[in-house]
Amino acid sequence: MAKIKSSHTAHFRIGWEPSPDESNLVRYHAVSVDHNRIDMEAKMYKFQEELVKIGPFKIIRQPRRGKVKGTDLEYMFQSFDSQTSPDKINLDRLGKVIIRDYKLYERRVGVNGIEAYVERIYSK
């Protein structure tokens, strides 16, 4: 399997799927990547603000943080369940570079494999 190389720019990566726990919810997997912890966490917080505009959300995975080897970038990964559909989220608030990662979902990489998938993307 080819390794997906990350860019050396700050970005926000998002994947979604129907929640495997509740059929009326969407499961979001989000990765915030930035040059410093404050900006990285701010993007994730802005994403959560967008989710809560429509209704409450549930944290599925607590934040996982890591360093992008060979760069000055750090990343933060987290998963949520929400009633908010992807087309209702204002992604423009999250920064200039938004990556819609259609491979970032549990059924493709496995429930315990999401973290490993994120590590593979950002490891050099």
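Out of the residues in the range 42-82 meeting the condition of being outside any loop (DSSP other than H, G, I, E, B) and aliphatic (A, V, I, L, M), tell me which one is farthest from Pro18 (Cα to Cα).
Out of the qualifying residues, it is Ala42.
Being more than 26 Å from Gly55 (Cα to Cα) and either modelled with pLDDT of 85 or more or surrounded by fewer than 18 Cβ atoms within 10 Å (Cβ to Cβ) (or both) is the filter here, so list the residues in the range 105-124 that pass it.
Arg108, Gly110, Asn112, Gly113, Glu115, Ala116, Glu119, Arg120, Ser123, Lys124
Within the range 44-76, work out how many residues are crowded, with 20+ Cβ neighbours inside 10 Å and touching a residue at least 60 places away in the same chain (Cβ under 8 Å).
1
Can you name the residue in the range 77-104 that is charged (D, E, K, R) and farther than 17 Å from Ile59 by Cα and is also surrounded by the most Cβ atoms within 10 Å (Cβ to Cβ) among such residues?
The selected residue is Asp101.
Across the range 36-81, what is the number of residues that are over 20 Å from Gly95 (Cβ atoms) and touching a Lys or Arg at 6+ places or on another chain (Cβ under 8 Å)?
5
If a residue has to be out of contact with any helix residue (DSSP H, G or I) (no Cβ under 8 Å at 6 or more places or on another chain), part of a loop (DSSP other than H, G, I, E, B) and either modelled with pLDDT of 90 or more or polar (S, T, N, Q) (or both) to count, how many in the range 1-34 make the cut?
Residues in the range 1-34 being out of contact with any helix residue (DSSP H, G or I) (no Cβ under 8 Å at 6 or more places or on another chain), part of a loop (DSSP other than H, G, I, E, B) and either modelled with pLDDT of 90 or more or polar (S, T, N, Q) (or both): 8 in total.
The values are calculated or read from the model by the stated rules, or taken from the named source; none is laboratory data. If you're wondering where the values come from, they're calculated on a predicted model, not measured in any experiment. Cβ: placed from backbone, ideal geometry, glycine included. Neighbour counts: every protein chain shown.
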